[in-house]
Amino acid sequence: MALVEDYGSSSGSEDDYESKTVEQIAGVISNKQHENTVPMVQVDRVTISKRKRKDDPLKNTAEKKEKKGRKGPWDAWSYDESDSSSDNTGDKYIAEELETFQDVEKPDDEDIKVKEESHFYGESEKDYQGRGFLHPPADIETDLTKKPMSFKCYLPKKIIHTFPGHSRGVNTLNFLPLSGHLFLSSGNDSLIKIWDFHHQRKCLRDYRGHTRPVKAIDFSSDGTQFLSASFDQSVKLWHTESGKVLSRLKLNSTPNDVKIHPLKANEFIVGCSNSKIYHYDTRIAAKEGRVQVYDHHLSSILYLKFFPDGSRFISSSEDKTVRIWENQINIPVKQISDTAQHSMPYLDIHPSGQYFCAQSMDNTIYTYNMKPKYKRHPKKSFTGQMCAGYGIGIAFSPDGKYICSGDAQSKVLIWDWTTTNLLRTVPLPGNEPVRQVAWNPQETSKLICGGPTGKIYLLD
């Protein structure tokens, strides 16, 4: 049977076959006779393909990486020259930039070893009886064994002394518990210092072990140890007299506040910028001593405060709520919140233990009951200070008769606790805000304050 009209399967020459057009041959092929064969037709056409370039930038870059033993971020996607139909002039620049970026080695923070050290600046670390500087001095007129609420306090009037403080601003001020003859300060210079309050009023010892500003510090109940939290995302437990680091923690977020349990020195809590509060026990080795995580807040933790008996603690957050927690139970027993409520960066408990106060960002200090339901006192709020976006600290006098606060306009304000009237305003040098205030637990009218200026002022 003939495949094409006027053309036989067994006759004709090769020249006749080649003279036929490809279209005539392909149009009459019988599928039945050629079920298992495929006609091989050579079409005289230009094959569309990318011409190989000797200076292909992506190929050269890949060869360089292969020689150096590196793989790019898109190594899983192999490059096929036939897939690209056009030349991209920007590929060479991008490839070179990627190669340069991969050559840069970023330093690892864990490889940077922090030197932990402490220097003593006093005359002698021990007295003639072998006692350290934590022992209350006996050569001063003030009785350092008085209990809170057992003596009457008075209003300070002016600045009587200025401590050098810190070169880049003061972040915290904490008096030694009970005796108050020493106080701790931390600043943006990443240093912690302990100061003599009564004698020469100079720095007795510094503590170096953080690489960034120290955000918070807290004494244990006996003052022999203290915690420090820094922007370098570390928390360290120090021995007060020797300056040695007893324990250290490396966190994944910035610790904003730390508090030691008032009755159990081995337990402490850390409030972090990731909205979580971590509870640690130094006696436990597993999980670095972490025994609980409190995660009900929705934003960064601002401040923490234990109840006097240590049964519960209070937390404030940037989510504009204040929550009260049972120890080691991740369910708040009370959430204080309101649609008109602002964030409260500082908390303090009245010496009587019946109320706690919160410094609000709406320029008001609010008072809350410490008994269950924790309701706000409707007639006990203090106004007159200006926060202006700063976290302004507050403090009570030892007899609970006065409450004082810093101010964004470089002054200290003191109110009467009973009447809520503003009694005194003490101006300070400069125009920087006063962010920290602390009343000496054994003095009738002495308090210290500080802020971004770096100076620590003693008022009396």
Report summary line: Apart from one, (1) touching a His at 6+ places or on another chain (Cβ under 8 Å); (2) outside any strand (DSSP E or B); (3) of a type outside the set (Phe, Trp, Tyr) all hold for Ser242; the odd one out is (1)
Query raised in the report: If you go through the stretch 291-315 one residue at a time, how many are out of contact with any Cys (no Cβ under 9 Å at 6 or more places or on another chain) and farther than 23 Å from Asn266 by Cα?
Result: 4
Query raised in the report: Looking only at the stretch 218-262, which residues are closer than 20 Å to His119 by Cα, touching a Gly at 6+ places or on another chain (Cβ under 7 Å) and crowded, with 22+ Cβ neighbours inside 10 Å?
Result: Lys236, Thr240
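Within the stretch 350-368, does at least one residue satisfy the condition of being hydroxyl-bearing (Ser, Thr, Tyr) and assigned to a loop (DSSP other than H, G, I, E, B)? Outline the logic, then answer.
Pass one, the stretch 350-368, residues hydroxyl-bearing (Ser, Thr, Tyr): 352, 355, 360, 364, 366-368.
Still in the running and assigned to a loop (DSSP other than H, G, I, E, B): 352.
Scanning the stretch 350-368, I find at least one residue that is hydroxyl-bearing (Ser, Thr, Tyr) and assigned to a loop (DSSP other than H, G, I, E, B), so the answer is yes.
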Query raised in the report: Does Ala388 fit the bill of being on the phi > 0 side of the Ramachandran plot and at pLDDT below 95?
Result: yes
Report summary line: Those strands (runs of 3 or more DSSP E) completely within the stretch 138-193 that have 3 or more residues that are surrounded by 19 or more Cβ atoms within 10 Å (Cβ to Cβ) are 170-175, 182-187
Requested in this report: Count, please, the residues in the stretch 396-428 that happen to be closer than 22 Å to Lys379 by Cβ and not acidic (Asp, Glu).
Outcome: 19
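The values are calculated or read from the model by the stated rules, or taken from the named source; none is laboratory data. It should be emphasised that the depicted structure is a prediction, and the values quoted were computed from it without experimental measurement. With ideal geometry, Cβ positions are generated from the backbone for all residues, glycine too; neighbour counts draw on all protein chains shown.
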